[in-house]
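I have placed the structure first, in the form of structure tokens, so that the comments after it can refer back to it.
Here, each number is a calculation from the coordinates, and none is a lab measurement. The model shown is predicted, which means the values in this text are computed figures rather than measured ones. Here the Cβ positions follow ideal geometry from the backbone for every residue, glycine too, while neighbour counts run over all protein chains shown.
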Amino acid sequence: RLIVEITRQIRRKLAVYLMMMALPQKKYYRQRAHSNPLADHSFEYPASPTEMLWKPIFPAWNNERYCVEFLDIGCGYGGLLVSMSPLFPDTLMLGMEIRVKVSDYVKDRIEALQKTRSPLYSNIGVLRTNAMKYLPNYFEKGQLKKLFFLFPDPHFKRTKHKWRVVNSALVAEYAYFLSPGGMVYTVTDVHALHEWMVQHFKLCPLFEAVSEDELSGDPVLPLLEKSSEEGQKVARSGGTIHRAFFRRVEDSFYVK
Amino acid sequence: MALLCLQPSPSRDCIVVACGETVTVAETTSGPELSTVCRHLSISRSPVVCLGFSPSGQLLAVCADDKALKIWRTQDWEPVGQRVIPKRATAVQFTHDEQYVLVADKTGEVARYSTADVSAPGSVLLGHSSIIVDMVLCKGLVITCDRDEKVRASNYPNCYNINRFYLGHTDFISVLRCPKQFSAMVLSGSGDGSFKVWDVEQRRLLHTEVCAVEEGEEEDVKAVTQLALSHTTIPVMVVVALEESPELLTYLLYESGHTTPCPEANIILSQPPWSCAFDWSDRLWVTLPCETHPLECYALSVNVGQCQFTKLFHEDSPVLGALCKWDIFKGAVGNEMDWNSLRKQAFDNVEMYMAQKDERMGKKGPSPGGALEQVEEDGAKPPKIVKLDPLPES
């Protein structure tokens, strides 16, 4: 009985150790949280969505059809993607992150997960790109079903407001890529940013606000705060979290 | 540089040339005797950045670099209104009903202002995340193009509802034009040296025509800087000006959207032109930084298999004679369009990071004794150092 116990413990520790070997260590991937999205970073991006090769982003995906349906804009260290992946195994999910080190971390993390927990996690991938400029290069009209803005950079100074990922110009783009019925999830601990995002989505006739009660059955809801690194940080420091949800609707302009 | 703006309606011969601060209008007046009148319009002390006639030709809007927007009634050249807009304009267009003027600006926004009521505030219709270089209105859509290789068609007036993105160019888009003969077509010229023909009803690319290729390894491809389309001929005559090139390339655009080059009609000028445009009778007007002949005019003849441009002289066109004076054009020297500033500076922040990473992965193999972090799947915070638990008492 003693031997069984010892070997069980050794096996357990070995498993943990092996998994840790494959997984990236976050301390090597830390990067300053703020990045100027309007500067000319060097990105590679396809000239149009039809020219995009998705296989390198989703190497373990077995389906011939690559149609990303969930998009996490500013996915950070990838927490939301990792926790959503097992809930929707047949849905392709993409994270976009502008910071070099952070997007590389997510890439290494997903790779390690796919290797050690195969065939799980084949439906998530990350792209290092500027979502504010290059969404049209990757997606077709009405392609997306869910769009996530989790703890976006608040860019507090008034002169930097145009760097905010939700602004009046981009709300029209987000509406273009979401199919009618598609959902936007916004989460932040900065009240001013929450009000800003709510105001911008409300001003656009292509979105209608959705209350939390209406989403009681949505499996994504509980993940929004717990899964991301930012969310955990906020929870530890005891901050309040503001959430807002919007549904893409048809243009009422034509109903008249 | 000298901006040309030609009267769209066939009722009168009227050309507007904006060179720096001076705006000169030359028109032939009808009546008992045909005479050409040249008049100067004053807007402000800053150079003119863009101008445009309304679809009927009854109104002219001019934007200056100091954010002034002035509109004239072309009947008698009385100013209708002047206002100050918040941002520097890059393109100006009247709406179809001529009630509003749309102004695209350097910050990437398109705003709408009332033509009649100068005191009414403008409203922002749409925005790009980049400088808007040109704008046209076509089939009830507002079509805008920017530095980030994008052509966007938005519904109007509900511009928050994007109709379509037209992607495919690999460098900034410099010019947008719509042929009158094929109302659903839009042509876009780009810094990648080509122009593309799009159909906004079928919502697809019809044709790509490459006008300039990469010369050497280090050289940038010459950008398409001007596109002039004839108004009445079918097939449409497309005149293309390339960056720093004195040659105007010519193509024929067919109803299918395809274009074929017609090298026999190419025009070789003495210098790279400032601007070129067709007037309603399909004469091509070209402005050049040349002291002796700053304005040239060519008559077009399109026959089956043969196209030709014949240069006109002062005797052939009184407007040409009246306008072709260096005094009028000298203000344009120095206000050149800097196409190179629209090109992106590539700097690579990935390579250095990857080199550092490779070094790190190579030197340090996985170390069991070090502090390791665990993924959040298990939920619990792991122990810092891996060690075996003490054996249970049995």
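Pull out a ≥ b ≥ c, the square roots of the eigenvalues of the alpha-carbon gyration tensor of segment A:42-107, then state rounded if a/c is under 1.5, prolate if not and a/b is larger than b/c, and oblate in the remaining case. Oblate shape, in that a/c is at least 1.5 and b/c is the bigger or equal ratio. Summary: within chain B, the longest segment free of GluC sites (Glu not before Pro) located in DSSP loops with at most 13 other C-beta atoms within 10 Å is B:34-200. Convex hull volume of the Cα atoms of segment B:29-92, normalised per residue: 89 Å³.
Overall, the ratio between the Cα radius of gyration of chain A and 2.2 N^0.38 Å, rounded to two decimals, is 1.08.
Of the chymotrypsin sites (Phe, Trp or Tyr not before Pro) found in segment A:60-164, those that fall in a DSSP loop while having at most 13 other beta-carbon atoms within 10 Å are A:PHE156. On the principal axes of its alpha-carbon atoms, segment B:158-309 has extents of 50, 41, 32 Å, going from largest to smallest. With axes computed from alpha carbons, what is the tilt in degrees of helix B:351-363 against the longest principal axis of chain B, rounded to the nearest 10 within 0 to 90? Helix B:351-363 sits at roughly 10 degrees to that axis. Taking B:THR260, B:THR250, B:THR233 in turn, the Gaussian network model of chain B (Cα-Cα springs below 10 Å) assigns the largest fluctuation to B:THR260.
In the calculated pair-distance distribution of the protein assembly as shown, the portion above 45 angstrom amounts to 31 percent of the Cα-Cα pairs. Ellipticity at 222 nm from helices only: DSSP H runs of n ≥ 4 in the protein assembly as shown, each -39500 (n - 2.57), divided by the residue count, give -5000 deg cm²/dmol. Can you tell me how segment A:159-256 classifies by the Cα gyration tensor, rounded, prolate or oblate, using a/c under 1.5 as the rounded cut? Oblate shape, in that a/c is at least 1.5 and b/c is the bigger or equal ratio.
Rounded to the nearest 10 degrees, the angle from helix A:100-116 to the longest Cα principal axis of chain A is 50 degrees. Mean per-residue shielding of peptide A:165-176 is 4, counting Cβ atoms of other chains within 10 Å of each Cβ.
Placing +1 on the Cβ of each Lys and Arg and -1 on the Cβ of each Asp and Glu in chain A, which of A:ILE10, A:VAL166, A:PRO205 has its Cα farthest towards the positive end of the resulting dipole? Of the options given, the answer is A:ILE10. The label point for B:SER11 and the one for B:MET361, both projected 7 Å from the Cα toward the Cβ, are 7.1 nm apart. Please list, in order, the residues from segment B:281-306 whose amide nitrogen is less than 11 Å from a point placed 7 Å along the Cα→Cβ vector of B:LEU312. The answer is B:281-286, B:296-300. Applying a DSSP loop filter and a limit of 14 other Cβ atoms within 10 Å to the GluC sites (Glu not before Pro) in segment A:152-248 leaves A:GLU212. Sorted from longest to shortest, the spans of the Cα atoms of chain B along the three principal axes equal 123, 51, 41 Å. Filter the trypsin sites (Lys or Arg not before Pro) in segment A:149-226 to those in DSSP coil with at most 11 other Cβ atoms within 10 Å of their Cβ, and list the result. Answer in residue order: A:LYS157. Dipole orientation for the protein assembly as shown: of the candidates A:GLY79, B:PHE309, B:PRO179, A:GLY79 has the Cα lying most toward the positive pole (charges on Cβ; Lys, Arg +1; Asp, Glu -1).
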